[in-house]
Each structure stands twice: as C-alpha cells, then as structure tokens.
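Notes for the one structure printed next.
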Amino acid sequence: MRKIIIKPKELLNKLDEYIIIDARKEDEYKEGHIINAISLPLARVLDAKDPNELAEVFRSVGVSNDDKVVVYDDIFGAIAARVAWTLEYIGNDNVSLLSVTFSKWKSMGYKVEKRIRKRKEAKKFIVRVNDAILATADYVNAISKTNNKILLDSRERLNYLDAHIPHAINISWRALGNEDSILKSPEELRRMLKNRKIDRDKEIITYCGSVGTLSGLAYYALKYAGYENIKLYAKSFKEWKALQLPIEEFKNATYWDLSAE
C-alpha cells in the first residue's frame, strides 16, 4: 500500500527500496544532501511543456513508472509536494513525501553527504496522465454551480482576505504541519478538516498563489487524512487573475479576520 509520508528512520532502513529526490536548487544540493539523494529542482519540472517532456525529465534521473520515490525539500514540504504530485499526475503513484525537511533531518543527527549522485536513465517512462487529480481554470470556474465540491485556498490568511476565488474556504499551509513534521498526524488533520466542515464525501480542489506548491502540500495533507477525491488547480490564483476571472475580497477585513477560525 502506498505511503503518503515516509519518516526518516523508515527511509534509512529501506534506502535500497527508494529513489530519493532532492527538490531544492542544485547549488543547495551540492552543499549537502541526504545520503543517496539525486537532484531534481522544481524549476526543471515546471519548465517542462507537457506530460511527455515531464516523463523525459524524470526518466533522465532514473525514475520509471514503477519505482518507489520519496521527495524532500527544505521549506516545509511544499516544493517536494509539487514535484511528487507531478510524478503522480504523469503515471507514478508510488511517490511519497519525506516527513521532515532537510534542515530538520540534519538537526536530528542523520547523515548527509556532498557526493553528487547520478542514476542511469530509466529505460522507459510510459505516460499515463491522471486527469482525475488536475483541475483547470474552466473546471474551477464551474464549481459554484454544484454543492458537492469544495474549493480550498492554501495561502496565508491575509492573502486570502485580500482576494480569492469565489466560494473558496481558507486553510493556510501553516495549519497543516508542525515543528516535527511537514504534516500533522492523520487524526489531527481529520479533526481540523471536520471542524471546517470539509466532508470526505465531497470533491476538494486545492489552490494557492502561483504554481501549486502550497496547495500541493494541502493535496497530500488531505490524502494523508484519508480523503480520496482531490484535485490540484496547479496554475492556481496567478492564472485565475491573468484570465480576469471573478474574485472575492474583504475590503474591510479586521484583525480578527486574520484568525484561522
């Protein structure tokens, strides 16, 4: 069964089972990284123009459809989540997130290295696009016509109050994790989501400000909590505004509006 989160000790005990992807910038990788990790910066993923090009990016670093992959970064898991979601989208659903950032890994005393790791190119990566986990602007624009879908804004509360997609609910990315893990326990996440009246039987679309990083983390938080019907609006609010689609805003927001409710 696929795991959403892999903890450090579990990864170290199964190093041979996983391809470890460091999603940070290449110069950060060169300064030190988790043992056996290969570098695949988010920028390379975002630069790909289509699923076939994405498949070539992953294949070039040795990843195929069937490999078990774990991704990490150093900024609360958002970059790693976006890379992981992309891999899932094009046909590898064996991808997981490391439960801690690189800085946390080091502070816990786990081994790091500076050796530049390379893997042979994978023989093939068959593109199997999973459209069920992607939302487009047109799709999001139509959700106000149904009551069985929830739009989840993962940005900071102040950004949400300034402007957001109509009907969206705000749960900031800060509420998803804690100092020990990029994501809280499934039980804690379920309790929070229940308190916000986010039902498991409804479809949930996550979005954030730009390229789907914060909302990618929310996507995996929902998965970790046991929710199944989830989509990521990967181009997020940046595209929404560029298309001049409707927005909502709180022009007279007060201090109390900044609470996470």
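Just a few scattered comments:
Residue-by-condition table, conditions (1) β-branched (Val, Ile, Thr); (2) part of a strand (DSSP E or B); (3) in contact with a Gly (Cβ under 9 Å, 6 or more places away or on another chain); (4) farther than 30 Å from Trp105 by Cα:
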residue: Arg128; (1), (2), (3), (4): no, no, yes, yes
residue: Leu183; (1), (2), (3), (4): no, no, yes, no
residue: Glu187; (1), (2), (3), (4): no, no, no, no
residue: Arg190; (1), (2), (3), (4): no, no, yes, no
residue: Gly209; (1), (2), (3), (4): no, no, no, no
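- All positions within region 76-116 that are under 14 Å from the mean Cα position of the chain (by Cα) and small (Gly, Ala, Ser): Gly77, Ala78, Ala80, Ala81, Ala84, Ser96, Ser99
- Residue that is nearest to Lys111 (Cα to Cα), among those in region 1-23 that are basic (Lys, Arg), surrounded by 11 or more Cβ atoms within 10 Å (Cβ to Cβ) and in contact (Cβ under 8 Å) with a residue 60 or more places away in the chain: Lys7
- Restricting attention to region 131-153, the residues that are under 22 Å from Ile79 (Cα atoms), of a type outside the set (Asp, Glu) and surrounded by 14 or more Cβ atoms within 10 Å (Cβ to Cβ) total 7.
- Sub-9 Å Cβ pairs linking a first residue in region 183-204 that is in contact (Cβ under 8 Å) with a residue 40 or more places away in the chain to a second residue that is surrounded by 15 or more Cβ atoms within 10 Å (Cβ to Cβ) and of a type in the set (Gly, Ala, Ser), at least 6 apart or interchain, are Leu183/Gly77; Leu183/Ser99; Leu183/Gly177; Leu183/Ala221; Leu183/Ala225; Pro186/Ala225; Ile204/Ala218, ordered by first then second residue.
- Failed item, numbered, when Glu56 is tested on (1) more than 20 Å from Leu232 (Cα to Cα); (2) crowded, with 24+ Cβ neighbours inside 10 Å: (2)
- Any chance Ile35 is within 19 Å of the chain's Cα centre (by Cα) and in contact (Cβ under 8 Å) with a residue 24 or more places away in the chain: no
Where a number appears in this text, it was derived from the coordinates with a stated rule and is not lab data. Note that the structure is a prediction, hence the values are computed from the model and not measured. Positions of Cβ are generated from backbone atoms using ideal geometry, with glycine treated the same way; all protein chains shown enter the neighbour counts.
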